[in-house]
Each structure stands twice: as structure tokens, then as C-alpha cells.
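Data first, discussion second: the structure below is written as C-alpha cells.
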Amino acid sequence: MLATKSDFINRKNNTVIFVESLLFLSGICRILEYYQIVVERIPFFDDLFQTDCLNSIFICEVASKDMETKTKSILKNDSSTKVIIIKDELKVNEIEAFVDLGVKGCLQSDLDEVYLVMTVKQVHLGNLFIDYRFTNEIFREYKSYKKIYKQKHTVDLESINTLLTRREYEILKLLAEGCTNNQISERLYISEKTVKNHVSNILAKMQVQDRLNAVIKGGRHNWIKIDAC
């Protein structure tokens, strides 16, 4: 399904922090307020759908078992929302699953306050931030996956051609190379506005929240090569 004009109008660009423990939630609020980061505590999850605030930061207690479904729910309602997950315990495969959903930040609740503040600030700007203690393991998995992927000799063109147009597929491959909209515009001799429209259509058709997840999904389904990533 293509993105409509109203989809862009309704984007509020808010950041939502899901915290597993009520005890840690109070402590996180105090830390962020100390660093002069304005955060609004939301007592009930459904209240998030009622707010008219723009570019704001909210925090809400969510049970571990409900984090996946509530992440899907909040992103379905407004795909511009940046979600940060803070859990007592995290595993690499869990982090990967959250990132696939469109989560922008994953932290364990015992993280030091400086990194917590940096994560909230960077995610609010639209960047992806993962607890640094998982970086090495994630990188090892990535290298292992890339090694296996290189052994595949063919790209599954039949599947991707039924999903995307020829132009959209060209742009997906350039996204995998790390190209910006401007660079894609120059490479394909089309306007940057046209590139943005194509990217929006790609995300909608692939059912992902952002460019990173489009590339990840494309690689996992053997639709594109990711050697340049």
C-alpha cells in the first residue's frame, strides 16, 4: 500500500521510551530531568494515542511480554515515532527483532546515566542506538551472516520484481550502498523529491519503518547484495 499525503501530515516525530520496571522508570525520569531533557510520564499506554504534542519525549511502563505488540501498535499509528526499549535483561536476538520492528534504541536498565542521556538525545534526532555492551556480539553475527551471504551466487529477482518496480529496486540497491537521497538523485538523473517518493513507496511495500530495515530485510530475503554496507 502506498503512503498517502495524510500519512505525512499526521507524523508527530515523538520519542517514546518503554521501560520494563516501574522502579527504573522513576529513576530514568529523574536523570533526564537533571540533564534538562523534558520527558512526560504517561501512566497508561493508550494515552499515547491521545496526545497532540509534536517532537516530544514520553516514557511509559510496559511489561516485557507486551513490548513487541505495543511497539507494533505505536508505529502503526504513527511511523515517525522513535521507540526506545529499556529492559532489565536483553539478548542479541531480541535486539535484532526489535530493530526489525523499527525500534531505534535498545538498552539494559543498568546502563550508566551518561550513555542513557546520549541515547535518548541521539534517538530523538532519528539515529539508531544499541547498548554498547552488545556491539561486539552483534558485529560478530553480522560478519558471520555476511560470510554466509557471500556464498549465495544469485539474487532472488523473481520475488523482488513482484514486489517493487524496476526503479524502486534500483533505489533499494543504492540504499544498500549507503547512498543519500541526493546521491541517488544524481546517479539516476531524477529529482530528489522523486527519490523521496520512491523511498516512501519502498518502505510501504516492504512493510518496514525506515531505510535501514529495508536494507536488512532485502539482504535477509536475498533480494540485494550487501557487500558495500
Please work out how much length the chain gains when fully extended from S26 to N55, using 0.36 nm per residue of separation minus the C-alpha to C-alpha distance, in nm with one decimal.
-> 8.3 nm
Once you've got the Cα coordinates, tell me which of K12/K225; K87/K225; K91/K193; K12/K217 are over 31 Å apart.
-> K12/K225; K87/K225; K91/K193
Neighbour-count order for Y189, Y132, fewest beta carbons within 10 angstrom listed first | Y189, Y132
Obtain the radius of gyration and the Kirkwood radius of the range 9-132 from its C-alpha atoms and give Rg over Rh.
-> 0.91
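Run lengths n ≥ 4 of DSSP H only: what is the helix-derived mean residue ellipticity at 222 nm for the chain, with -39500 (n - 2.57) per run over all residues, to the nearest 500?
Values: 11 runs with 118 residues, N = 229.
Computed ellipticity for the chain at 222 nm equals -15500 deg cm²/dmol.
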Using unit Cβ charges (K, R positive; D, E negative) and no other charged atoms, how large, in debye to the nearest 20, is the dipole of the range 9-132 about its Cα centre?
-> 420
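Tell me, in nm to one decimal, what length is gained between Y132 and I37 on full extension, where the rule is 0.36 nm per residue of separation less the Cα-Cα distance? Can you show the working numbers first?
Values: separation 95, 0.36 × 95 = 34.20 nm, distance 2.17 nm.
Result: 32.0 nm gained on full extension.
Under the definition of Cα pairs under 8 Å and six or more residues apart, what whole-number percent is the relative contact order of the range 9-132? Write down the numbers at each step before the final one.
Values: 194 pairs, mean separation 37.5, N = 124.
30 percent.
Viscosity 0.692 mPa s, temperature 37 °C: what is the translational diffusion coefficient of the chain from Stokes-Einstein with a Kirkwood Rh over Cα pairs, rounded to a whole number of µm²/s?
Values: Rh = 18.9 Å.
Rounded, D is 174 µm²/s.
How much net charge surrounds N213 when only other residues with a Cβ under 12 Å from its Cβ are counted (Lys, Arg +1; Asp, Glu -1)?
On the way: positive: K104, R211, K217, R220; negative: E96, D100, D210.
Neighbourhood net charge equals +1.
Dipole magnitude of the chain about its Cα centre, charges +1 at Lys/Arg Cβ and -1 at Asp/Glu Cβ only, in debye to the nearest 20?
Details: 32 positive and 31 negative charges, 210 e Å.
So the dipole magnitude of the chain works out to roughly 1000 debye.
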Taking amide H positions as placed 1.01 Å from N in the peptide plane, with prolines and chain starts having none, which residues 5 or more places from V16, or on another chain, fall under 5 Å of its amide H?
-> F58, K82, V83, I84
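Here, each number is a calculation from the coordinates, and none is a lab measurement. Owing to the predicted nature of the structure, the values given are computational and were not obtained by experimental measurement. Glycine gets a Cβ as well: all are built from the backbone with ideal geometry, and neighbour counts include every protein chain shown.
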